[in-house]
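Colleague: Take this structure, written in structure tokens, and hold onto it; I'll ask about it next.
The values are calculated or read from the model by the stated rules, or taken from the named source; none is laboratory data. Computed from a predicted model, the values in this text were never measured in an experiment. Please note: Cβ atoms are built from the backbone with ideal geometry, for glycine as well, and neighbour counts cover all protein chains shown. To get the accessible areas, we keep the full protein, side chains included, count just its heavy atoms, and leave off ligands, DNA and RNA. Shrake-Rupley method; radii C 1.70, N 1.55, O 1.52, S 1.80 Å.
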Amino acid sequence: MADEPKEVPEEVTKLREALAAFADMDDDVACTTAVSQVLREWPDLGSELRQLRERRVNALRNVHKKTWPEIAAIIGEVTPERAQQISKGLSGAQRKKNKRAAEEQPEK
């Protein structure tokens, strides 16, 4: 059923615990330094996560023969079309850029 709570993967819980550990730091200087370091590295970490998801989505499609609606349900809160875009490595920024470029093309 749609109202059933989804099990949270252990890795997500560990990430949340790591974030809570920053908040629990008593030393404001140490906390500010640590959080700032993570934020500086975040673009690279986000990119790594997107690449990993792309590889796994492609494995779901090509190896496990899942449909786009099935993959969208696995990802959660995305459409089948978005799941397909993820498989191609298209981020939100890239989709917007492609849309703008298409809109700027003169009609033939």
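Colleague: Considering Ala30, Ala34, Ala20, which residue is farther than 19 Å from Gly89 by Cβ and touching a residue at least 12 places away in the same chain (Cβ under 8 Å)? It would help to see each step written out before you state the result.
Modeller: Working: Ala30 fails: touching a residue at least 12 places away in the same chain (Cβ under 8 Å); Ala20 fails: touching a residue at least 12 places away in the same chain (Cβ under 8 Å).
Just one listed residue meets the conditions, Ala34.
Colleague: Checking the conditions here, which among Arg61, Arg82, Arg55, Arg40 is open to solvent by 80 Å² or more (accessible area, probe 1.4 Å), assigned to a helix (DSSP H, G or I) and in contact with a helix residue (DSSP H, G or I) (Cβ under 9 Å, 6 or more places away or on another chain)?
Modeller: Arg61
Colleague: With the requirement that a residue be hydrophobic (A, V, I, L, M, F, W, C) and under 19 Å from the mean Cα position of the chain (by Cα), what does segment 1-45 give you?
Modeller: Passing the criteria: Val8, Val12, Leu15, Ala18, Leu19, Val38, Leu39, Trp42, Leu45.
Colleague: Still on this model: Does Ser87 meet the test of being touching a Lys or Arg at 6+ places or on another chain (Cβ under 8 Å), among the small types (Gly, Ala, Ser), modelled with pLDDT of 95 or more and open to solvent by less than 100 Å² (accessible area, probe 1.4 Å)?
Modeller: Numbers: touching a Lys or Arg at 6+ places or on another chain (Cβ under 8 Å): yes; among the small types (Gly, Ala, Ser): yes; modelled with pLDDT of 95 or more: yes; open to solvent by less than 100 Å² (accessible area, probe 1.4 Å): yes.
In short, yes.
Colleague: Follow-up. Could you tell me whether any residue of segment 46-53 is among the polar types (S, T, N, Q) and under 14 Å from the mean Cα position of the chain (by Cα)? Spell out the reasoning first.
Modeller: At the first step, the residues of segment 46-53 found to be among the polar types (S, T, N, Q) are 47, 51.
Subsequent filtering for residues that are under 14 Å from the mean Cα position of the chain (by Cα) retains 47, 51.
Scanning segment 46-53, I find at least one residue that is among the polar types (S, T, N, Q) and under 14 Å from the mean Cα position of the chain (by Cα), so the answer is yes.
Colleague: Another question, then. In segment 18-37, what residues are in a helix (DSSP H, G or I) and surrounded by fewer than 10 Cβ atoms within 10 Å (Cβ to Cβ)?
Modeller: Going through segment 18-37, the residues in a helix (DSSP H, G or I) turn out to be 18-23, 28-37.
Answer for segment 18-37, where residues must be in a helix (DSSP H, G or I) and surrounded by fewer than 10 Cβ atoms within 10 Å (Cβ to Cβ): Ala20, Ala23, Asp28, Val29.
Colleague: State all residues of segment 64-74 that are open to solvent by less than 80 Å² (accessible area, probe 1.4 Å), out of contact with any helix residue (DSSP H, G or I) (no Cβ under 6 Å at 6 or more places or on another chain) and not in a loop (DSSP other than H, G, I, E, B); if no residue qualifies, say none.
Modeller: Listed by number, the list holds a single entry, Ala73.
Colleague: Further, regarding this structure: Assuming Lys6 fulfils every condition listed in (1) charged (D, E, K, R); (2) part of a helix (DSSP H, G or I); (3) closer than 26 Å to Ser91 by Cβ apart from one, which condition is it?
Modeller: Condition (2) is where Lys6 drops out.
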